[in-house]
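The structure appears below as C-alpha cells.
The values are calculated or read from the model by the stated rules, or taken from the named source; none is laboratory data. Quick caveat, the model's predicted, so the values are computed rather than measured. Here Cβ is always computed from backbone atoms with ideal geometry, including for glycine, and neighbour counts include all displayed protein chains.
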Amino acid sequence: MSENPILEVRDLKMHFPVKEGIFMRTGKYNKAVDGVSLKIKPGETLGLVGESGCGKSTLGRCITRLYNPTAGQIRFEGKDITHIRGRELHPYRQNIQMIFQDPMESLNSRHTVGDILQEPFIIHKICDKASRQKRVVELLEIVGLPARSVTRYPFEFSGGQRQRIGIARAIALNPRLIICDEPVSALDVSIQSQILNLLIELQKEFNLSYLFIAHDLAVVKHISDRIAIMYLGKLVGEGEGETIYQNAKHPYTQSLISAIPIPNPHHEVKRQVLSGDVPSPIDPPSGCSFHPRCPRVMDECKVKTPKLIPLKEHAEQDVACLLYT
C-alpha cells in the first residue's frame, strides 16, 4: 500500500452560525467539526466512530464539498480542493462519491433505477445513451440486482436493495474515494453483513478507499483497517483497528468498546457506562470536552485542552488525553 495519502485533512473546521434575538444576529456558532486532521491511504478503510451528534456526517459532507469548510484544508491526491468552486469541482466530484444512511431519502422516488444510475454520466457528459444503458445493467449486476430493475422505482425495493442501488450510483464513475455515511445503520442485522461484504468485495475489485462513518464499533471492526474516534467535533483517538479494540487508551474509546454486545450470554463484561449526554457543540465544555463525563477526570482536564499525540509505548495509536502527556 502506498504511503502517499489519497486524502489528507488538516485542522478542518465547520462552524455553523446560530441566529439569535429579534434581529436574528449571529451570537454563537455550532462547532460541528472543530479542528480535525486525518489521512487515508489508497485502498484503505478508515472507520470514523462516535455518538450521534459528534460531527461525523458533517465531516464527510465537508470532504465531499457538500459543505464549504469554515477553516482548514482538504487535500485529495496531493491537491488542495478546500476552496475550489463550480466547474473546477467536477473532476473531484467524479473521484469522491458518497453513500448515504437512508437510501430512500437519497434516491429520487420519481425516477426509475435506470434514470438514477444514468444521471451521473449525464451530469459529467460521459458516453452516449446506448453506452449509458449498457453500463447501468453492468452496475446492477455488480451490486447483485437483476437487469429488470432498471424500469422499477425505489419504493418497489427493500431497504437492502435500495442501498445496493445507492452503492451502484456511488461506483458508477469509477471513483477513488467513497464516503460511507452510516450505510448499514438503517438495515436489519442480516442485511448489514451482506452490504458490508459487498463493500469489501468492491474495494478489492476497484481498489477503493473508504471513510466509513458509523456509531457501532462492532460494524466498524468488520471493515476498517484503521479507526478514528470522534467526540464533540474533535478526534480523541486514532490507530490500527486491532490495537484500538485490544488496548484502547482513551476513556471514551474504552467505554464505546465495552458497549459492544457479546454473543455469549454466559460471558460477563464489565461495562463502562458514561454519565450524562453529549454536551452541546454550541457551548462546549472548557478544557477537555470529555471531562464532564470522564470516569478518570483530573483537575487539569477542566482547563487544559489535550492534543492528539502518538503514545510512546504504542506507536500505532494516537490519543488526545492528559493522562498520557
> Within the stretch 183-225, can you find the residues that are in contact (Cβ under 8 Å) with a residue 60 or more places away in the chain and of a type in the set (Phe, Trp, Tyr)?
Replying inline: Tyr210, Phe212
>> Can you say whether Leu217 is within 30 Å of Cys294 (Cα to Cα) and touching a Ser or Thr at 6+ places or on another chain (Cβ under 6 Å), as far as the supplied structure shows?
In response: no
>> Given (1) modelled with pLDDT under 90; (2) under 15 Å from the mean Cα position of the chain (by Cα), identify the lone condition not met by Pro183.
In response: (1)
>> Of everything in the stretch 131-168, what is free of Cβ contacts under 8 Å to residues at least 60 places away in the same chain, touching a Leu at 6+ places or on another chain (Cβ under 8 Å) and within 17 Å of Leu187 (Cβ to Cβ)? Give them in sequence order.
In response: Val143, Gly144, Pro154, Gly159, Gly160, Gln161, Arg162, Arg164, Ala168
>> Looking at the stretch 72-117 only, could you name the residues that are touching an Asp or Glu at 6+ places or on another chain (Cβ under 6 Å) and modelled with pLDDT under 90?
In response: Gln101
>> Considering only residues that are outside any strand (DSSP E or B), modelled with pLDDT under 90 and of a type outside the set (Phe, Trp, Tyr), which ones fall in the stretch 6-49?
In response: Gly21, Ile22, Met24
>> Residue pairs, Cβ under 6 Å, 6 or more apart or interchain, first in the stretch 246-263 and closer than 21 Å to Lys234 by Cα, second basic (Lys, Arg) and at pLDDT 85 or above. List them.
In response: Pro251/Arg296
> Just for the stretch 1-34: of the residues that are of a type in the set (Asp, Glu) and within 29 Å of Gln203 (Cα to Cα), which one is surrounded by the fewest Cβ atoms within 10 Å (Cβ to Cβ)?
Replying inline: Glu3
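Restricting to the stretch 292-325, count the residues that are touching a residue at least 12 places away in the same chain (Cβ under 8 Å) and of a type in the set (Asp, Glu).
3
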>> All but one of (1) closer than 25 Å to Gly43 by Cβ; (2) at pLDDT 90 or above; (3) surrounded by 18 or more Cβ atoms within 10 Å (Cβ to Cβ) hold for Cys294; state the number of the condition that does not hold.
In response: (1)
> If you scan the stretch 41-75, which residues turn out to be surrounded by fewer than 22 Cβ atoms within 10 Å (Cβ to Cβ) and among the hydrophobic types (A, V, I, L, M, F, W, C)?
Replying inline: Leu66, Ala71
>> Can you tell me which residue is nearest to Pro285 (Cα to Cα) among those in the stretch 299-325 that are assigned to a helix (DSSP H, G or I) and among the hydrophobic types (A, V, I, L, M, F, W, C)?
In response: Cys301
> Quick one: how many residues across the stretch 281-291 are free of Cβ contacts under 8 Å to residues at least 40 places away in the same chain and surrounded by fewer than 18 Cβ atoms within 10 Å (Cβ to Cβ)?
Replying inline: 2
>> For the stretch 183-194, which positions are crowded, with 23+ Cβ neighbours inside 10 Å and either hydrophobic (A, V, I, L, M, F, W, C) or more than 29 Å from Pro251 (Cα to Cα) (or both)?
In response: Val184
>> Based on this model, can you work out whether Val18 counts as farther than 24 Å from Ile309 by Cα, of a type in the set (A, V, I, L, M, F, W, C) and in contact (Cβ under 8 Å) with a residue 40 or more places away in the chain?
In response: yes
>> Is it the case, given these coordinates, that Ile116 is over 19 Å from Gly144 (Cα atoms), surrounded by 16 or more Cβ atoms within 10 Å (Cβ to Cβ) and touching a Leu at 6+ places or on another chain (Cβ under 8 Å)?
In response: no
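Limited to the stretch 215-229, what total is found for residues that are part of a strand (DSSP E or B) and either buried (at least 24 other Cβ atoms within 10 Å of the Cβ) or out of contact with any strand residue (DSSP E or B) (no Cβ under 6 Å at 6 or more places or on another chain) (or both)?
Number satisfying all stated conditions: 3.
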> Any residue in the stretch 58-71 that is β-branched (Val, Ile, Thr), closer than 26 Å to Ser185 by Cβ and assigned to a loop (DSSP other than H, G, I, E, B)?
Replying inline: yes
